[in-house]
Each structure stands twice: as C-alpha cells, then as structure tokens.
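Colleague: If you scroll down you'll find the structure; I have some questions about it.
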Amino acid sequence: MDKISFEEYLSKNETLTYRNTGSSMMPLLKEGRDLFTVRRLEKDESPKVEDVVLFRRKGADGEMKYVLHRMICDHGKTFDFLGDNCINPEKNVPREDVLGIMTEYVRKGKTCKVSDRAFRRYSFRIRLFRRPRIFYKKCRFKLAKIFRKLFSRK
C-alpha cells in the first residue's frame with residue numbers, strides 16, 4: 001500500500017483525522033491517546049491567531065514533518081506558531097506550508113469542538129499565561145542543568 005501525504009489526503013478530502021504524536025500540544029492532546037481533526041485550508045483563507053494549525057516543515061534530515069501548533073502571530077505572508085507545551089516558537093512559516101485548521105479533537109474518548117466553551121476557556125488561559133509559563137520552564141531547565149553539574153562531580 002502506498003503512503004499518501006497529508007497534503008494529498010487533504011486535497012482529496014475535506015478533513016483529516018489523525019492520532020496525536022509528540023508532546024508539543026500537551027496538556028490538550030496526549031501522544032498515542034488523543035485524535036485531532038483538521039479541515040483543509042482554502043486557498044484564500046488564512047488561520048487566525050490562537051487557531052490550532054497543521055503545517056509542514058523540513059526536518060533536519062531533509063524529510064517533510066507535519067506539526068500541529070497554535071498560531072501566535074500573523075505577519076501577513078508568514079506566521080509564527082508555538083505548541084502549548086513548547087518554549088521556542090516556529091517562526092516565519094510560509095502561508096503555503098499551512099495545511100489545515102483543527103476543528104475538533106477526541107480527548108480521553110470524548111469529542112470536543114474548538115467552538116466549545118471549554119476549549120475557548122483553555123485557549124484563553126494558554127494565551128494569558130504563555131510568557132510566565134515559558135519563563136518558568138526556562139528557569140526550571142537551567143536549574144536542573146546546574147544541579148546535574150553540581151551533583152555529578154566526584
């Protein structure tokens with residue numbers, strides 16, 4: 001059976017449902033457990049800030065990778081994205097690499113739409129606490145590094 005890319009699938013179908021991989025969208029989506037559905041982005045349509053978007057990027061190995069992150073900035077022809085569990089944004093992603101917008105997700109067996117009140121409240125909290133959360137994570141990583149150095153010496 002031939003593999004089909006997400007772009008090819010979305011060009012033939014309106015939506016794509018896929019099992020989440022990776023931890024970048026935790027706590028919203030847990031790897032291996034949760035599903036998400038994206039709808040194809042129309043040619044003249046652009047995502048909005050705070051939309052959860054599926055886009056492609058070239059990996060270090062040159063292979064195409066697909067990423068589901070929240071849009072944090074619109075520069076017109078490019079966008080910046082950040083996973084809910086990430087500290088480093090994906091900057092200047094071209095419009096042509098954006099494939100679709102998440103419309104719903106299945107979390108712990110329950111289907112939730114992005115138009116639901118609970119998701120809008122979650123998105124508001126993610127936006128409100130983005131900078132303090134990133135600051136906290138960076139401090140925690142630096143402290144862990146210092147403690148590893150201190151306690152690994154003989």
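Colleague: Kindly indicate the residue of the stretch 1-20 that is under 22 Å from residue 113 (Cβ atoms) and not in a loop (DSSP other than H, G, I, E, B) and also farthest from the chain's Cα centre (by Cα) among those meeting that condition.
Modeller: Once the filter is applied, the top-ranked residue is 9.
Colleague: Further question on the same structure: How many of the residues making up the stretch 97-154 are closer than 14 Å to residue 50 by Cβ, exposed (fewer than 11 other Cβ atoms within 10 Å of the Cβ) and of a type in the set (Ser, Thr, Tyr)?
Modeller: Within the stretch 97-154, residues that are closer than 14 Å to residue 50 by Cβ, exposed (fewer than 11 other Cβ atoms within 10 Å of the Cβ) and of a type in the set (Ser, Thr, Tyr) number 1.
Colleague: Next question. Name the residue that is farthest from residue 67 (Cα to Cα), counting only residues in the stretch 78-130 that are among the charged types (D, E, K, R) and in a strand (DSSP E or B).
Modeller: Among them, the one singled out is 110.
Colleague: Name every residue in the stretch 21-37 that is in contact (Cβ under 8 Å) with a residue 12 or more places away in the chain, of a type in the set (S, T, N, Q), closer than 19 Å to residue 99 by Cβ and in a loop (DSSP other than H, G, I, E, B), in order of residue number.
Modeller: Across the stretch 21-37, the qualifying residue is only 24.
Colleague: Restricted to the stretch 50-71, and to residues that are more than 30 Å from residue 109 (Cβ to Cβ) and in contact (Cβ under 8 Å) with a residue 24 or more places away in the chain, which residue is farthest from the chain's Cα centre (by Cα)?
Modeller: Among them, the one singled out is 64.
Colleague: Between 145, 149, 138, which is in contact (Cβ under 8 Å) with a residue 12 or more places away in the chain and over 27 Å from residue 36 (Cβ atoms)?
Modeller: So the residue among 145, 149, 138 that is in contact (Cβ under 8 Å) with a residue 12 or more places away in the chain and over 27 Å from residue 36 (Cβ atoms) is 138.
Colleague: Additional query: Please indicate, with yes or no, whether at least one residue in the stretch 50-72 is acidic (Asp, Glu), at pLDDT below 95 and more than 29 Å from residue 132 (Cα to Cα).
Modeller: Yes, some residue in the stretch 50-72 is acidic (Asp, Glu), at pLDDT below 95 and more than 29 Å from residue 132 (Cα to Cα).
The values are calculated or read from the model by the stated rules, or taken from the named source; none is laboratory data. Source: prediction; values computed, not measured. Don't worry about glycine lacking a Cβ; one is built from the backbone with ideal geometry, like all the others, and counts go over all protein chains shown.
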